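Okay, structure first, notes after.
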Amino acid sequence: MAQPASSPPEGAAADWTISQDWSAYTAAEHALWDRLFARQAALLPGRVAPQFLEGLDILRMDRPGIPDFGRLSERLMQRTGWQVVAVPGLVPDRLFFEHLANRRFVAGRFIRRPDQIDYLQEPDVFHDVFGHVPLLADPVFADYMQAYGQGGLRADALGAIDRLARLYWYTVEFGLVRDGGGLKLYGAGIVSSHAESLFALEDPSPNRIGFDLRRVMRTRYRIDDYQQTYFVIDSFDDLLRATVETDFAPLYAALEQRSDLDIDTVLPTDRIITRGTQAHARSRKEE
Ligand code: PHE
Ligand code: FE
């Protein structure tokens, strides 16, 4: 996501973008992408929102090797007007929002090391491109991401970035969506992780709670382990409506008077889909 302001690193443009330098990837790096891709491609059908699979297809992301951002952007541009641009790592908040507001998705170009196949904290090209880009080919989700960027610029001016970041976390990164009687994955942090794809959908540990904007903005999150609570939207249309049609300024002001909620809190007012056992979080603590 983002970090506080500073000047661009050496070799980066003023907006922090760099060239992907696609030809510099080694055969081993392409092969690692292919391995990660094959594992998720086998796991996700039936578990992920259909728009994600459509995105992979439309963008021809099943071609072997790390995608070339230029060619990927051409397809994406035709479809929803989005582009993928390379950055050296986390970019300052304002720039991150500005890129999104202009339909540019910033992606890391490096790929994890083979020993990090299951877990890494910093987003790499597999997380950023496999995880995030397919849904940018969906017109509704594409609009949500742009609106989020515009909302970020506003939140920055209102000193409310932390609250808005929780919305990103619990939707764009770790969101679940209702699908008939069941649930499907759509958050990039989940779909780019083999283990969390299973955990988020099938494990009895986490809470799964119906999405509520105010509720989400009050809820802390963890970055070091699987989420203890996932929020479930009814559809991308619903998410877009709930966020675009609400003026967040009075919300931010009202939330100043409310306490933050812990990562595993369940409220009497929550629309509970699954009340988690939290067995996973407990077992991690005992380790
Ligand atoms: N409606 C929000 C605001 O008033 C902007 C926004 C839209 C934020 C969509 C996030 C997602 O700031
Ligand atoms: Fe991400």
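None of the figures in this text is laboratory data; all of them are computed from the coordinates on show. The model shown is predicted, which means the values in this text are computed figures rather than measured ones. Every residue, glycine as well, gets a Cβ built from its backbone with ideal geometry; the counts of neighbours run over all protein chains shown.
Here are some notes:
- Pairwise Cα distances in the chain exceed 30 Å for 28 percent of all pairs.
- Near THR219, the amide H atoms lying under 5 Å from its own belong to LEU261; only residues 5 or more places off or on other chains count, and H is placed 1.01 Å from N.
- Multiplying the residue separation of ASN102 and ASP225 by 0.36 nm and subtracting their alpha-carbon distance yields 41.1 nm.
- Range in the chain, longest, excluding exposed trypsin sites (Lys or Arg not before Pro) [loop by DSSP; at most 15 other beta-carbon atoms within 10 Å]: 61-219
- ASN207 long-range amide H proximity, modeled H, under 5 Å: THR229, TYR230, GLY276
- Highest-fluctuation residue, SER192, SER259, SER205 considered, GNM on the chain with Cα pairs under 10 Å: SER259
- Contour minus Cα-Cα distance for SER7 and LEU43 (0.36 nm per residue): 8.9 nm
- In nm, spacing of pseudo-spin labels at GLN257 and ARG71 (7 Å Cα→C-beta vector): 5.7
- Dividing the convex hull volume of the alpha carbon atoms of region 207-287 by its residue count gives 112 Å³ per residue.
- Extended-chain gain in nm, criterion 0.36 nm per residue less alpha-carbon gap, SER23 and GLU286: 90.1 nm
- In region 191-271, the GluC sites (Glu not before Pro) that fall in loop regions by DSSP, at most 16 other Cβ within 10 Å: GLU245, GLU256
- Fraction of the pair-distance distribution of region 138-260 above 22 Å, Cα-Cα pairs, percent: 33
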